[in-house]
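Below is one structure, written out as structure tokens; the observations come after it.
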Amino acid sequence: MNFIDTHCHLLFSNYDDDREEVLKKVNKELDLFIEIGGDLDNSKKVVEFVKNQPKAFGSVGIHPSDSEGVDNKDLEELEKLAQSEKIVAVGETGLDFYWETNKQTQYKIFDAQVSIAKKLNKPIVLHIRDAYNEAYEFLKKSNLPSKLGVVHCFSDTWETAKKFLDLGFYIGIDGPITYSKNSELRKVVQQAPLDRILPETDSPFLPPVPFRGKRNMPVYVKYIYEKIAEIKNIDIEELKKQMYFNARTLFF
Ligand SMILES: [Zn+2]
């Protein structure tokens, strides 16, 4: 059993110069990875990419910061893409109020993607930034897919994490778990049940210690595993089995 990365963006231009090399390492050290779509064009590429990658699965979606200008035709196209081979989720989608953009548009495009996931019985990959309460209130009254989904790159308090766990969501844990100042996130991992945590890198973003300031890579997920194993006081081999089981349960 090996490591897995349930959230990365290897199709972003950050890997244009050495994607083949990066993939070689990924195929050697990981059992599976999930390539996440950021907008419609990127999602189309994800669909093609995962077909030829033995260890890859994909998710298609439109990031909240890219909601502006998305029309019904785009959403119909997204729904078609979501039915492609090896596409296991819808997202990343959600609310991002860090950058001041049109909140109503974000809600509308988020809602449409939740409906697609519900219709196709796939989980959603949530991107939430500076909008945990709003996203929670919205999801609580939405008609959600039975598999719900994952709060990608969770970064709020244990109280907030508990609310999403109680709804039935998984909690995605990324590189920030290794940052020395991030005791709140370590508290989240300590309190959350091990069968509701998912390891993810969000590569090329958010590299763990000791790679801060550099480009992130899926193989660095092992530093996230090490931190989770330390907090949960369990053996890394045991953790590998559990994380693989969690991913299978949610995505397959
Ligand atoms: Zn992402």
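The values are calculated or read from the model by the stated rules, or taken from the named source; none is laboratory data. What you see is a predicted model, and the numbers here were worked out from it, not measured in a lab. Methodologically, a virtual Cβ is constructed for each residue, glycine included, from the backbone with ideal geometry; neighbour enumeration extends over all protein chains shown. For accessibility, only protein heavy atoms count, side chains too; no ligands or nucleic acids. Shrake-Rupley method; radii C 1.70, N 1.55, O 1.52, S 1.80 Å.
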Exercise for the section: Calculate the spin-label point distance for residue 72 paired with residue 111, positioning each point 7 Å from the Cα along the beta-carbon direction, and give it in nanometres. Expected result: 1.4 nm
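Using only the Cα atoms of the chain, construct the convex hull and provide its projected area averaged over every direction, in square nanometres to one decimal. Could the numbers behind the result be given before it?
Working: hull surface 49.3 nm².
Mean orientational projected area (the chain, Cα hull): 12.3 nm².
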Handout entry: ³J(HN,Hα) computed for each position of the range 244-251 - Karplus, 6.51 cos²θ - 1.76 cosθ + 1.60, integer Hz, glycine/proline x
Key = 5, 4, 4, 5, 4, 4, 7, 9
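In percent, how large is the relative contact order of the range 3-251, given Cα pairs closer than 8 Å and 6 or more residues apart? Numbers along the way, then the final one.
Working: 495 pairs, mean separation 45.0, N = 249.
The value is 18 percent.
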Problem - Of 179, 60, 194, farthest towards positive along the dipole that unit charges on Lys, Arg, Asp, Glu beta carbons give the range 3-251 - result: 194
Fill in the blank from the handout: For residue 141, the lysines lying under 25 Å Cα to Cα, once residues fewer than eight places off in the same chain are dropped, come out as 103, 108, 118, 119, 122, 162, 163
Exercise for the section: Sequence neighbours fewer than 8 away in the same chain don't count; with that in mind, list the aspartates and glutamates whose C-alpha is under 14 Å from residue 86. Expected result: 35, 48
Exercise for the section: When a/c is below 1.5 the answer is rounded, else prolate if a/b is larger than b/c, else oblate, so apply that to the range 126-252 with a ≥ b ≥ c taken from the square roots of the Cα gyration tensor eigenvalues. Expected result: prolate
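Expected output is a single nm value to one decimal: the length gained when fully extending between residue 229 and residue 29, i.e. 0.36 nm times separation in residues minus the C-alpha distance. What is it? Walk me through the numbers on the way to the answer.
Values: separation 200, 0.36 × 200 = 72.00 nm, distance 1.81 nm.
Contour length minus Cα-Cα distance gives 70.2 nm.
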Fill in the blank from the handout: Contour minus Cα-Cα span, residue 84 to residue 19, at 0.36 nm per residue, comes to 21.1 nm
Handout entry: Prolate/oblate/rounded call for the range 177-252, Cα gyration tensor, a/c under 1.5 rounded
Key = oblate
Completion exercise
If every Lys and Arg gets +1 and every Asp and Glu gets -1 at its Cβ, then about the Cα centre the range 3-251 yields a dipole, in debye to the nearest 20, of 700 debye
Completion exercise
To the nearest Å², the heavy-atom accessible area per residue of the chain with 1.4 Å probe amounts to 44 Å²
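Which length gain, in nm to one decimal place, applies between residue 184 and residue 245 when the Cα-Cα distance is subtracted from 0.36 nm times their residue separation?
Extra length available between residue 184 and residue 245 comes to 19.4 nm.
Please work out whether the range 52-171 counts as rounded, prolate or oblate from its C-alpha gyration tensor, where a ≥ b ≥ c are the square roots of the eigenvalues and a/c under 1.5 means rounded, while otherwise a/b larger than b/c means prolate and anything else oblate?
Numbers: a/c = 1.65, a/b = 1.21, b/c = 1.36.
Note, shape of the range 52-171 comes out oblate.
If Lys and Arg each add +1 and Asp and Glu each add -1, what is the summed charge of the other residues whose beta carbon sits under 12 Å from the beta carbon of residue 103? Could you put the intermediate results ahead of the total?
Working: positive: 108; negative: 68, 96, 100, 130, 134.
After counting each charged neighbour, the total is -4.
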